[in-house]
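Take a look at the structure below.
Nothing in this text is a laboratory measurement; each read-out follows from the coordinates by a stated rule. Just so it is clear, the structure is predicted and the values come from calculations on it, not from any experiment. Note that we place each Cβ from the backbone using ideal geometry, even for glycine, and neighbour counts take in every protein chain shown.
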């Protein structure tokens, strides 16, 4: 009997698979999978994956890497089925995408994909994603609402944020500012609450991967009966550090709440938290004046383009015509030119002079990492701590925290 058979080793178990229309279109993925897993991975098509998940060998899979490009968008429904089938079997999904629209990417992530990595793959990013999948998932959300102390005698700082044109990054700024304030110091960190008052398009739940609670609508619908328990039940905790009032789960009219309702919510939040960050809707509504009057600082986010300039001028005229405190607005220029861009600096100066405003804050362009952070449902400090935008927001949070501490001492 030939003894060579006894010397043959069993093939390595398959612990991962790529799923794609044609894996040869993603040659960098092949290299990274081989580097990370050796021969312990396989390749499947979309339809093949659905069949394979029902076989006994599928129980060995830790994760699948789904690679897609623009041509695959017409098969979103099939890809969604694959992600759902993987999730049902506790198989993690890394989504690798090239030239895919944000809407399609968002849809697949919401259907259960665990990680997103852009293609071409950044150096070491696939390995980092695999390590994150293998780590125990931290508990992000409290199972029940937040317990607030009865009464509350605080006098929290209210910071409002409003974008003066679509897509200028107001919600991104509000979410990350709230997180930076909540983590500004390791000991005796301030209590921070993030209120998403963009009732129709509020994105804080998405950017922090939080559930939208029915209790939010119930609270807003009857603020006269609101007490600490009702308000606390409407809040959701992110990482047991930041308290968030998300937008309602259903689309509601902006006038469903009155100025008196908003005043009660702001007063309740300010009594129980050191900082209250308010993400405002892009539209000016009947209760905008309420927030403007209550806010210690009202950040108005703009970009270096004509839409922002025109809307700034219109808002300025409207507020001054009603004799409202326009001077409370602190204009923040998002995606500001780099320090070495002298032409960009000249444009900023001309914009400020033509509108007769002061641009008090310039925020760096965070690039694709900002979009990826929002899609992952994590603050920039967690997903991209060295990002230039994150550093600018962290610096602002530190200065606000220092000012807040100095005020009582001066008094």
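The order of the peptides 79-91, 220-232 by mean Cβ neighbours within 10 Å, most packed first, is 79-91, 220-232. Beta bridges per DSSP, both residues in the chain: antiparallel share near 5 percent. The mean sequence separation of alpha-carbon pairs under 8 Å and at least six residues apart, normalised by the residue count of the range 173-284, gives a relative contact order of 41 percent. Ellipticity at 222 nm from helices only: DSSP H runs of n ≥ 4 in the chain, each -39500 (n - 2.57), divided by the residue count, give -12500 deg cm²/dmol. Across q = 0.18 Å⁻¹, the range 12-134 modelled as identical point scatterers on its alpha-carbon atoms has Debye log10 I(q)/I(0) values of -0.89, in the order of the q list. Size descriptors for the chain, from the alpha-carbon set: Rg then Dmax equal 24.7, 100 Å.
Dividing the Cα radius of gyration by the Kirkwood radius, what Rg/Rh value follows for the range 145-228? Write out the running numbers ahead of the final one.
Details: Rg = 14.5 Å, Rh = 15.0 Å.
Computed over Cα atoms, the ratio is 0.97.
Taking every DSSP bridge with both residues inside the range 150-295, close to 20 percent are antiparallel. Based on C-alpha pairs under 8 angstrom that are at least 6 apart in sequence, the range 305-411 has a relative contact order of 21 percent.
Legend: translational diffusion of the range 28-96 by Stokes-Einstein, Rh = Kirkwood radius over C-alpha pairs, 25 °C, 0.890 mPa s; D = 193 µm²/s. Legend: P(r) of the range 158-277 from all alpha carbon pair distances, 10 Å bins from 0, whole percents, reading 13, 48, 34, 5, 0.
Once the C-beta distance of residue 127 and residue 382 is scaled by a Förster radius of 22 Å, the resulting FRET efficiency is 0.75 to the nearest 0.05. Packing here is the average count of other Cβ atoms within 10 Å per residue, and on that basis the peptides 176-184, 369-377, highest first, run 176-184, 369-377.
Viscosity 1.002 mPa s, temperature 20 °C: Stokes-Einstein D of the range 219-290 from its Kirkwood Cα radius, in µm² per second? It comes out at roughly 163 µm²/s.
From most to least packed by mean Cβ count within 10 Å, the peptides 338-346, 302-310, 238-246 give 238-246, 302-310, 338-346. Relative contact order, whole percent, for the chain stands at 16, derived from Cα pairs under 8 Å and 6 or more residues apart.
Here the label points at residue 313 and residue 55, each 7 Å from Cα along the C-beta direction, are separated by 6.6 nm in the simple model.
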